[in-house]
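Q: Before I ask anything, here is the structure I am working with.
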Amino acid sequence: MSAQIRPDLDSIPAYVPGRSHPGAVKLASNETTFPPLPSATKAIAEAAELANRYPDNQSGELRTALAEFLGVTPANVSVGCGSVALCQELVQITCSSREDEVLFGWRSFEAYPIITQIGNATAVPVPLTQDHVHDLDALAAAVTERTRLIFVCNPNNPTGTAVGRAALTRFLDAVPSRVLVALDEAYYEYLRWTPEDRPDGVEFARTRPNVVVLRTFSKAYGLAGLRTGYAVAAPEVITALLKVHIPFSVSRVAQAAAMASLEARHELLERTDAVVTERERVYRAVSAAGYRVPPSEANFVWLALGANAVPFAEGCAEAGVLVRPFDGDGVRVTIGDPHENDLFLSFATDPAVAGRFAGG
Ligand SMILES: *Cc1c(COP(=O)(O)O)cnc(C)c1O
């Protein structure tokens, strides 16, 4: 007889590895196309020599460096095995029964409903606006006595849209202070708004005890494979996060690479300018070809293809470019280097392809 597994897990799809397309260009996971900087590779090699030892469980050095960078104290910073682990920890520190609700816009980061269910809480998705932007009024209106946590992914994965500082301020004013609001800023470094409009979660987290901001080394800092993300919040939230943290889940190698990359941030953030230039070029090209694409503030664009999402992604894979379909909804295309983007555009803007998929 097989072991008894929680029956509710049946509703979570088992992980299905993507079909392999040898030699294909990968624009499916919002990664950086560049390898780590030489200084990071060197730090990785040095840290690897101490692999027989456990790492610093509290990532003390990295937290101190991050605190200095962000203008907060180390007691305001927690490091996780990717910021997705911190998302999961946030559910763990706020929810203790099925009655407890986690709110988020939808469509948004696909991990939110899954980690909510795994955390034995109830997910409450709130539709985005027609323009694929977070409907902050509807989110605030969906708060009930049972709401424990709200995720606001800004810029939003997978639609690329963002909400500005004034709108977020109004939203945070409307949410009761007993509800923890997580501003997931995995793509913050790709935002190109003026300082007045720029929604800086750290600024909110510094002044509001019920706001936690999540950022990651996986996207702009190019360390997706090493798994380091961080949270900034009031010390009470950080202390709770440390309690549920899986021991030693941020490796010494990951901590060292993150330290080196933080030191080299000027060079890494310059790379985001190249991505933004390419993002605008891809956006203009697909818009001109007739696709419905919201303006993006991230390192990807969203093609609102509805029922055509999967057929489009399949055709694109056959043309040698892997993109990420969300069945029935749309396709997320990561911005790569100019050559990779050209390959994507030559498929998407081909008159036969655009005729079949765009403007539908
Ligand atoms: C990529 C991503 C993350 C974090 O990824 P990690 O690699 O776990 O740090 C978090 N939130 C969103 C919305 C993302 O797209």
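The values are calculated or read from the model by the stated rules, or taken from the named source; none is laboratory data. Predicted model only: the values in this text are computed from it and were never measured. Backbone-built Cβ (ideal geometry, glycine too); neighbour counts: all protein chains shown. Protein only, heavy atoms only, side chains kept; ligands, DNA and RNA dropped before computing areas. Shrake-Rupley method; radii C 1.70, N 1.55, O 1.52, S 1.80 Å.
Q: In the stretch 20-61, how many are among the aliphatic types (A, V, I, L, M) and buried (at least 16 other Cβ atoms within 10 Å of the Cβ)?
A: Initially, the stretch 20-61 is screened for residues among the aliphatic types (A, V, I, L, M), giving 24-25, 27-28, 37, 40, 43-45, 47-48, 50-51.
Right, trim to buried (at least 16 other Cβ atoms within 10 Å of the Cβ) and you get 24-25, 27-28, 37, 40, 43-44, 47.
Counting residues in the stretch 20-61 that are among the aliphatic types (A, V, I, L, M) and buried (at least 16 other Cβ atoms within 10 Å of the Cβ) gives 9.
Q: Every residue in the stretch 4-13 that is open to solvent by less than 80 Å² (accessible area, probe 1.4 Å) and either farther than 27 Å from Asp327 by Cα or outside any helix (DSSP H, G or I) (or both), please. If you could, list the steps in order and put the result at the bottom.
A: Narrowing the stretch 4-13 to residues open to solvent by less than 80 Å² (accessible area, probe 1.4 Å): 8-9, 12.
Scanning the stretch 4-13 gives a single hit, Ile12.
Q: Report yes if Arg206 is basic (Lys, Arg) and crowded, with 23+ Cβ neighbours inside 10 Å, otherwise no.
A: Working: basic (Lys, Arg): yes; crowded, with 23+ Cβ neighbours inside 10 Å: no.
For Arg206, the condition - basic (Lys, Arg) and crowded, with 23+ Cβ neighbours inside 10 Å - is not met.
Q: Something else about it: Quick one: how many residues across the stretch 138-196 are under 18 Å from Thr116 (Cβ atoms), within 11 Å of the ligand (Cβ to nearest atom) and of a type in the set (D, E, K, R)?
A: 1
Q: Restricting to the stretch 64-87, count the residues that are in a helix (DSSP H, G or I), more than 16 Å from the ligand (Cβ to nearest atom) and open to solvent by 10 Å² or more (accessible area, probe 1.4 Å). Working first, answer last.
A: Step one: filter the stretch 64-87 for residues in a helix (DSSP H, G or I), giving 64-70, 74-76, 83-87.
Cutting the leftovers down to more than 16 Å from the ligand (Cβ to nearest atom) gives us 64-65, 67-70, 74-76.
Still in the list and also open to solvent by 10 Å² or more (accessible area, probe 1.4 Å): 64-65, 68-70, 74-76.
Going through the stretch 64-87 one residue at a time, the tally reaches 8.
Q: Next question. Could you pull out every one of the strands (runs of 3 or more DSSP E) wholly within the stretch 288-360 that has 1 or more residues that are under 24 Å from the mean Cα position of the chain (by Cα) and among the β-branched types (Val, Ile, Thr)? If you could, list the steps in order and put the result at the bottom.
A: Values: elements: 300-303, 324-326, 330-334.
Strands (runs of 3 or more DSSP E) meeting the threshold: 300-303, 330-334.
Q: Only one of Ser287, Ser249 is among the small types (Gly, Ala, Ser), without any contact (Cβ under 8 Å) to a residue 12 or more places away in the chain and either more than 14 Å from the ligand (Cβ to nearest atom) or surrounded by fewer than 18 Cβ atoms within 10 Å (Cβ to Cβ) (or both). Can you tell me which? Don't jump to the end; show me each part of the working.
A: Values: Ser249 fails: without any contact (Cβ under 8 Å) to a residue 12 or more places away in the chain.
Unique residue meeting the criteria: Ser287.
Q: Can you name the helices (runs of 4 or more DSSP H) wholly within the stretch 135-215 that have at least 1 residues being in contact with a Ser or Thr (Cβ under 9 Å, 6 or more places away or on another chain)?
A: Details: elements: 136-141, 165-174, 201-207.
Qualifying helices (runs of 4 or more DSSP H): 136-141, 201-207.
Q: Turning to a different aspect of this structure: Does the stretch 141-151 contain at least one residue that is touching a Phe, Trp or Tyr at 6+ places or on another chain (Cβ under 6 Å) and closer than 25 Å to Arg324 by Cα?
A: At the first step, the residues of the stretch 141-151 found to be touching a Phe, Trp or Tyr at 6+ places or on another chain (Cβ under 6 Å) are 151.
If we keep only those that are closer than 25 Å to Arg324 by Cα as well, we get 151.
The answer is yes, given that some residue of the stretch 141-151 is touching a Phe, Trp or Tyr at 6+ places or on another chain (Cβ under 6 Å) and closer than 25 Å to Arg324 by Cα.
Q: A further question follows. Residues being of a type outside the set (Gly, Ala, Ser) and either within 16 Å of the ligand (Cβ to nearest atom) or within 26 Å of Thr334 (Cβ to Cβ) (or both): count how many of those fall in the stretch 108-125. Give the steps one after another, and end with the answer.
A: We begin by selecting, within the stretch 108-125, every residue of a type outside the set (Gly, Ala, Ser); these are 109-110, 112-118, 120, 122, 124-125.
Retained after the next criterion (residues that are either within 16 Å of the ligand (Cβ to nearest atom) or within 26 Å of Thr334 (Cβ to Cβ) (or both)): 109-110, 112-116, 118, 125.
Result for the stretch 108-125: 9.
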